[in-house]
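The values are calculated or read from the model by the stated rules, or taken from the named source; none is laboratory data. Here the structure is a predicted model, which is why all the values come from computation and not from measurement. Reconstructed Cβ throughout: ideal geometry from the backbone, glycine too, with neighbour counts over all protein chains shown.
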Amino acid sequence: MTVRIPAFIRQLGVFLWPQGDDAPPSSPLTIRRDVVVLACVWVMGLLLLLEAKADLGLFLFWNILALSTAAMHSFASRSLIPGVRGRKRPLLRYLLKAFLVLLVAMVPVGYLVVVLTNDHYDRGPVFAMLNSLFQFLFTVPLSWVLYRRRARGQEAIEGLKQELGQSEATLELLRSQINPHFLFNALNTLYGTALQENGERTAQGIQMLGDMMRFMLHENHQPRILLARELDYLRNYVELQSLRIATSPGISLDTALDEVPLGSSIAPMLLIPFVENAFKHGISLQHKSWIKVSLHVTDNRLYFDVYNSIHPKSEATLPDETSGLGLANVRQRLALLYPGRHELAIRQTLGEYFVHLTLEL
């Protein structure tokens, strides 16, 4: 069941309730604001009546009308409308309750008019009836429209807050999943290097690992960082992994990481999962292997490619429970942080794996 509201009433509703206001529809602050607006209208009406030199009866009716409108709107917003929410046919219930309230209110309004006019006993019932009719045809539906509009706005704001909280929680969860995975891989690499020799390579690896840990502790939890810092972290990771494969002539590593424009920024830890995946699945000490990584920025658009060999796993190899975790996480982060601003293409054959990422910075 719907009620058609005139255009000027809807415009008044927009004025009373601008978009973006998050006050609850039945809060005292909201009702006080409405009463202030009504008071301004009341004063304007008084000025017009004075200008027209209206008689005392019109002044009396205008004051009673303004007072009744403020009382009816406040009562409807605080009690009548919240009382019918969630019930069957709420608008019909609301109109019926409002009608009964206005029917009862005719008695004190009529008596007030009689007292104020002293000897004009015939004006009381007429004023009371006209006032109740105005309230039922104007104030009651306007209060309903304003309340429903505000309630929908409040629900939308709460929904956005909930979605924002879920997105932030998801991002923090993804980061907490990714970061330990990187650290354990790096520590395993250092452990393997230390077994081979105690010297310059180990010291170099520890220094690079320290740089990576500082990055994760101080910059990784920021919403955005300089692209140059992300690139430094990527270079450190590649260099750290190079220590492990330095003594293996059958492994080829080719990186082309161009300098990036000053001031360009990116969400942290978006690129490293692709490179980590290449080292995890593209390197074999028994077979010829290769990894190619390239990155460049043109017209504020980042182009990132990772191309590597892959090797079939033997039946004796235990499945890696974290396999694909980094790529799945980075897909989610891209969807959350760069909706409609990225393209991710992944192709795989029996012996090759290729990733291409285009990102609007």
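Residues to consider are 93, 87, 33; find the one that is in a helix (DSSP H, G or I), modelled with pLDDT under 85 and more than 26 Å from residue 117 (Cβ to Cβ). Step through it out loud before you land on a result.
On the way: 93 fails: modelled with pLDDT under 85; 87 fails: in a helix (DSSP H, G or I).
That would be 33, the only listed residue that is in a helix (DSSP H, G or I), modelled with pLDDT under 85 and more than 26 Å from residue 117 (Cβ to Cβ).
Residue pairs whose Cβ atoms lie under 7 Å apart, separated by 6 or more positions or on different chains, with the first residue in segment 141-156 and under 14 Å from residue 90 (Cα atoms) and the second among the aromatic types (Phe, Trp, Tyr), are 144/94. Of all residues in segment 342-357, those being exposed (fewer than 15 other Cβ atoms within 10 Å of the Cβ) and either touching a helix residue (DSSP H, G or I) at 6+ places or on another chain (Cβ under 9 Å) or acidic (Asp, Glu) (or both) number 3. Considering only residues that are touching a strand residue (DSSP E or B) at 6+ places or on another chain (Cβ under 7 Å) and touching a residue at least 60 places away in the same chain (Cβ under 8 Å), which ones fall in segment 329-361? Answer for segment 329-361, where residues must be touching a strand residue (DSSP E or B) at 6+ places or on another chain (Cβ under 7 Å) and touching a residue at least 60 places away in the same chain (Cβ under 8 Å): 334, 338, 353, 355, 357, 359, 360, 361.
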